Amino acid sequence: GWITVGYCRKSPSKETPQKRLELLQKMVNSLHLNDLCEKVFVSPICRASSD
């Protein structure tokens, strides 16, 4: 069968590491709870223009 995979990233900013974690967790929860993705990969500090 197929597995749906999501991706969350957070651009560099001035929030605390704890706040960054909370924001990323909200994104992951949203993908899981709405049954959009079974697996989610996360980049905790990633610019949109990164190669």
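Read the figures in this text as sums done on the coordinates, not as results from a lab. These numbers were taken from a predicted model, which means no experiment stands behind them. So basically every Cβ, Gly included, is an ideal-geometry build from the backbone, and we count neighbours across all protein chains shown.
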- Task: Go through the range 19-44 and give me each residue that's within 10 Å of the chain's Cα centre (by Cα) and of a type in the set (A, V, I, L, M).
- Result: 21, 23, 24, 27, 28, 31, 40, 42
- In the range 6-32, what count of residues is obtained for those that are surrounded by 11 or more Cβ atoms within 10 Å (Cβ to Cβ) and not in a helix (DSSP H, G or I)? 7
- Query: Can you name the condition, by its number, that residue 43 falls short on among (1) out of contact with any strand residue (DSSP E or B) (no Cβ under 6 Å at 6 or more places or on another chain); (2) among the hydroxyl-bearing types (Ser, Thr, Tyr); (3) surrounded by 12 or more Cβ atoms within 10 Å (Cβ to Cβ)?
  - Reply: (1)
